[in-house]
Amino acid sequence: GHRDYLSPASRSKDVVEPLLKPQWYVRCEGLARGAADAVRRGDLRILPHFHCKTWFQWMDNIRDWCISRQLWWGHRIPAYFVTVDDSSVPPGEDTDGRYWVSGRSEEEAKDKAAKAFGVTPDKISLRQDEDVLDTWFSSGLFPFSIFGWPNASEDLQVFYPGTLLETGHDILFFWVARMVMLGLKLTGRLPFREVYLHAVVRDAHGRKMSKSLGNVIDPLDVISGITLEGLHVQLLESNLEPAEVERARQGQKSDYPAGIPECGTDALRFALCAYTTQGRDINLDVNRILGYRHFCNKLWNATKFAIRALGPGFKPPPGPEPSGAESPIDRWILSRLSLAVELSDAALRAYDFPAATTAAYGFWLYELCDVYLECLKPVLAEGAAPAVAAARCTLYTCLDAGLRLLAPFMPFVSEELFQRLPRRAPHAPPSICVTPYPSTQQPGFLQCVDAGAADAARRCSAYIGCLSSSGLVRVLGPGEAPPAGCAVAVASDKCTVHLLLKGLIDAEKEISKLAGKQSELQKQIERLRERMETPDYGTKVPPKVQEADAAKLQQSRSELQKVTEAVETFQRMI
């Protein structure tokens, strides 16, 4: 039986035999009760909220905490074994708790021992335990020990307690709980009021990163890029066994056959913030980070075009307030900017970073670049002077506020582009990092509520405002049929826009494309219908899945109807 406990070390292959020895423990029942009650009262918030369940599982079922570690480094445990130079006191053994005392200094411990054994301090000899404190015990003191605790100091009074702790969810009990328990016990105050727990980064397949698997992603390699050969060299410079090196090489070859492309710091930061919606873990895909690098390129090119559109002599007005001369498309983009600001502000206050990145990304890519800048081109080329002036001021407001929206996530590219913008006032902030974050309470933002028909109507209005001067747009009344030669350009269940396209496009080619889409939708509808008509569908399929299937079927039928109408319209153009 004894041999069953022997095991070889993975590196040296030496036989390691477990050795039982006395350890030091901390009673945690009272400490944990205070930490649990702080969360239940709302004095301490843990975000995301579903981590509270883990918190209470630990705190409500706490066990004594072993703080002894047999290491060469760390804070030595302030416990001393007592030897008494007095014949009336028998010598003790290490396992006898009566012969151990603790103290903040050796002198304090010696005084305690002298009183305990009824002798003078000169009769006492002490030997400090060689064990060191558990790392989590030492780091649990961090929030207040760095400010000079236990000595009263100005820094301790000013900077303790803090406001927010941000850390990984995997050390919620190991570190966060210890800081809370020790903070309450030793200072009488919580070390912070909120805890935000970020996800753990895994590889694209959801596996924990491991050197032996070769799936560890170095952030510097993502920022600067690295070849497959460079990744292999890193393995050779590691301490992996030859067999592990070969397995890791195969993993690298499979995941990064062309190496890791250069993505830049901004793209990596943005991706990590956008990824947190996955909850506990981030399955980091380098291709997605590369997509955000392309977004950085889009920002650069769009801002470069916009600065040219402003012109070399452009001077923005003192404030962003609309002048009243704005066109419908100007007012539309200001309303979309206002919505993006509102969503970003609310998301950041709730630590919902994916929502904040989505708001900024969507505004820049799908509204400012895809719609407004395109609509602006004919205005700048042929518009009247008042319309051009209003459009330029609107464009500047979008650039200024849009870059400030992105600054927390993409500080480098936003700073570079911000420095190229003209300033509203001589004493404007010198850097984007010290400008106020956009707020809908600031003047110049049009208030709007983004929901359903209102959003669809605004999107359609953007295209109408952009194209109405060209004569290509025809807005139809209720029940009015489109004239010959028109095709559906923008369609939803709330709004439809018809464009006069006869003579501008190849109708037969468009019909062929739509026929493929029509066939695909018909097959999808048929598969859903057959699935929903099976005899045991209503009893075996969960209600939520049934609801999702019904919604898909309705959506597919609606899309099929729109495609069919478009085919009929194009057929009239032949």
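Sequentially through segment 329-344, phi angles give Karplus couplings (6.51, -1.76, 1.60; θ = phi - 60°) of 6, 5, 5, 5, 5, 5, 5, 5, 4, 4, 5, 4, 5, 4, 5, 5 Hz, Gly and Pro residues having no value and appearing as x.
Shown is the FRET efficiency for LYS53 and ARG288, computed with R0 = 35 Å from the Cβ-Cβ distance and rounded to the nearest 0.05: 0.75. Cross-link partners of LYS377 among lysines, defined as those whose alpha carbon lies under 22 angstrom from its own and excluding same-chain residues fewer than eight positions apart: LYS298, LYS304, LYS315.
Once a ≥ b ≥ c are taken as the square roots of the eigenvalues of the Cα gyration tensor of segment 354-405, is the result rounded (a/c under 1.5), prolate (a/b larger than b/c) or oblate (a/b not larger than b/c)? Note, shape of segment 354-405 comes out oblate.
Accessible surface computed residue by residue for the chain, with neighbouring protein chains in place and a 1.4 Å probe, gives 57 Å² per residue. Ignoring lysines fewer than eight residues from LYS523 along the same chain, the ones with Cα atoms less than 21 angstrom from its Cα are LYS513, LYS552, LYS562. Tilt of helix 507-532 relative to the longest C-alpha principal axis of the chain, in degrees (0 to 90, nearest 10)? Long axis of 507-532 versus the principal axis of the chain: about 50 degrees. Principal axis extents of the C-alpha atoms in segment 72-153 (largest first, rounded to whole Å): 47, 28, 17.
Apolar share of the accessible surface for the chain: 54 percent from carbon plus sulfur atoms, 1.4 Å probe.
Net charge dipole, the chain: roughly 1280 debye, given to the nearest 20, about the Cα centre with Cβ charges of +1 for Lys and Arg and -1 for Asp and Glu.
When each of the peptides 220-232, 175-187, 289-301, 84-96 is scored by the mean number of other C-beta atoms lying within 10 Å of its residues, the order from highest to lowest reads 175-187, 289-301, 220-232, 84-96.
Relative protection proxy for 139-151, 157-169, from highest mean packing down: 139-151, 157-169 (other beta-carbon atoms within 10 angstrom). Using Cα atoms only, what is the angle between the long axis of helix 242-255 and the major principal axis of the chain, expressed in degrees (0 to 90) to the nearest 10? Computed tilt is about 20 degrees. Once divided by 2.2 N^0.38 Å, the Cα radius of gyration of the chain becomes 1.37.
Overall size of segment 1-122 from C-alpha positions, given as principal axis extents largest first: 61, 47, 28 Å. Comparing LEU220, VAL84, GLY148 along the charge dipole axis of the chain, the residue lying farthest to the positive side is LEU220, per the Cβ-charge model.
Rounded if a/c is under 1.5, else prolate if a/b beats b/c, else oblate: with a ≥ b ≥ c from the C-alpha gyration tensor eigenvalues square-rooted, which is segment 115-161? Cα axes put segment 115-161 in the oblate bin. I want to make sure I understand the PRE zone here: with the label point 7 angstrom from the Cα of LEU19 toward its beta carbon, which residues in segment 60-81 have backbone N atoms less than 17 Å away? Zone members listed by number: 68-73. The share of alpha-carbon pairs in segment 197-294 lying farther apart than 17 Å comes to 50%.
The values are calculated or read from the model by the stated rules, or taken from the named source; none is laboratory data. Worth saying up front: this structure is predicted, and the values here are computed from it rather than measured. Every residue, glycine as well, gets a Cβ built from its backbone with ideal geometry; the counts of neighbours run over all protein chains shown. SASA here: full protein model, heavy atoms, side chains in, ligands and nucleic acids out. Shrake-Rupley method; radii C 1.70, N 1.55, O 1.52, S 1.80 Å.
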